[in-house]
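Quick notes on the structure that follows.
The values are calculated or read from the model by the stated rules, or taken from the named source; none is laboratory data. Quick caveat: nothing in here was measured; it's all calculated off a predicted structure. Positions of Cβ are generated from backbone atoms using ideal geometry, with glycine treated the same way; all protein chains shown enter the neighbour counts. Just so you know, the surface numbers come from the protein's heavy atoms only, side chains and all, with ligands and any DNA or RNA stripped out. Shrake-Rupley method; radii C 1.70, N 1.55, O 1.52, S 1.80 Å.
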Amino acid sequence: MRRKIVAGNWKMNLDLSEARELYKELTKAENKPPYVDLYIFPPSIYLYPFSESPSFHLHLGAQNFYPAEKGAFTGEVSVSQIKSLGIQHVLIGHSERRVYFGEHDAFLKEKVDAAVKHDLKIIFCCGEPISVREKGNEKEFVLDQLEKALFHLDENDIADVTLAYEPIWAIGTGLTATVEQAEDMHREIRSWIKDKYTTDVANKISILYGGSCNADNAQELFACPNVDGGLIGGASLKAQSFLQIANCF
Ligand code: PGA
């Protein structure tokens, strides 16, 4: 059975005391279904303090890293530095990194390879802007993103990746993809994986939905056969709403 995942992307939010409070509430929370894996991706500056008090039911991940071993890359953190905190998960390909920081497909491929080399587990994000959906080209667009940065991995390595479909027009806008739009894209992504790899691999990979997912709409989204969870931005900043979402399975 595919893993069910609810992941919180805190982005550049919360000061230290707010972040500590939220982390504390999430680590002591007992009311989540045992078959749902919870992840949080806090700002990297908080990874160290959180890693000092790890929680067995809350996985910590890094929002970003630079794909070089070490050296003169002012302001960046490396995969080994992340790993040295005991952190095992990274986000790659989030649309905000693509759009605001110019992370193009070739660079994302380098990040994928660096993460795999160091045995970090990837949540790889893909998704189209509104202009592409309006033209009806969203599937070609998403397939292209996956082919250029992810589908070079071999069968073993891809099987460890989690995907997140996040239509850009739904991120932080309050506009959620309809259940039909989400399921349609997720089904398509799974069938590309099947074509490119094997049915077994395609059935193993969890595909999350992201984009204004919240406690009110998560239930119907998670009920879709190919939606295996959510990547949650705004609604992950409060323990109550994040845990409500996890309880929507
Ligand atoms: P949102 O963000 O839930 O605030 O729309 C999702 C994301 O960017 O991962």
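Expected output is a single nm value to one decimal: the length gained when fully extending between Glu180 and Glu25, i.e. 0.36 nm times separation in residues minus the C-alpha distance. What is it? Intermediate results must be reported in sequence, preceding the final value.
Details: separation 155, 0.36 × 155 = 55.80 nm, distance 3.40 nm.
Contour length minus Cα-Cα distance gives 52.4 nm.
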ask   = Hey, what number do you get for the chain at 222 nm if only DSSP H runs of n ≥ 4 count, each worth -39500 (n - 2.57), divided across all residues, to the nearest 500?
value = -11000 deg cm²/dmol
key: Within a Gaussian network of the chain (alpha carbon springs, distance under 10 Å), most fluctuating of Gly127, Gly75, Gly136   = Gly75
request  = Would you list, by chain and number, the aspartates and glutamates whose Cα falls below 16 Å from the Cα of Lys28, excluding same-chain residues fewer than 8 positions away?
outcome  = Glu18, Asp37, Glu52
note = When the chain is treated as a Gaussian network with springs between alpha carbons less than 10 Å apart, the largest mean-square fluctuation among Gln145, Gln81, Gln219 is found at Gln81
ask   = Of Lys11/Lys117; Lys121/Lys148; Lys83/Lys121; Lys139/Lys196, which sit over 22 Å apart, Cα to Cα?
value = Lys11/Lys117
message = Could you check the spin-label model distance between Asp200 and Gln88? Points 7 Å from the Cα along Cα→Cβ, value in nm.
response = 2.2
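Sequence gap at least 6, Cα distance under 8 Å: using those rules, report the relative contact order of the stretch 72-160 to the nearest whole percent.
Relative contact order here is 30 percent.
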query = What's the FRET efficiency of Glu155 with Trp192 using the Cβ-Cβ distance as r and R₀ = 22 Å, to the nearest 0.05?
reply = 0.95
request  = Write down the radius of gyration of the chain and its Dmax, each obtained from C-alpha positions, in Å.
outcome  = 16.9, 48
task = Express the accessible area of the chain per residue in Å², computed with a 1.4 Å probe while the remaining protein chains stay in the model.
result = 47
ask   = Which pairs, out of Lys111/Lys238; Lys204/Lys238; Lys4/Lys238, put more than 25 Å between their alpha-carbon atoms?
value = Lys111/Lys238; Lys204/Lys238
query = If contacts are Cα pairs under 8 angstrom and at least 6 residues apart, what is the relative contact order of the chain in percent?
reply = 22
key: Relative contact order computed over the stretch 156-220 (Cα-Cα under 8 Å; 6+ residues apart), in percent   = 53
key: Estimated inter-spin distance, Lys117 and Ile130, nm [label 7 Å along Cα→Cβ]   = 4.0
Modelled label reach - Phe56, point 7 Å along Cα→Cβ, the stretch 21-40 residues with backbone N closer than 16 Å = 27-38
query = Restricting attention to the stretch 54-154, which trypsin sites (Lys or Arg not before Pro) occupy a DSSP loop and are surrounded by at most 12 other Cβ atoms within 10 Å?
reply = Lys70, Lys135
inquiry  = Given a 10 angstrom Cα cut-off, can you work out which residue in Lys11, Lys28, Lys204 is the most mobile in a GNM of the chain?
reply    = Lys28
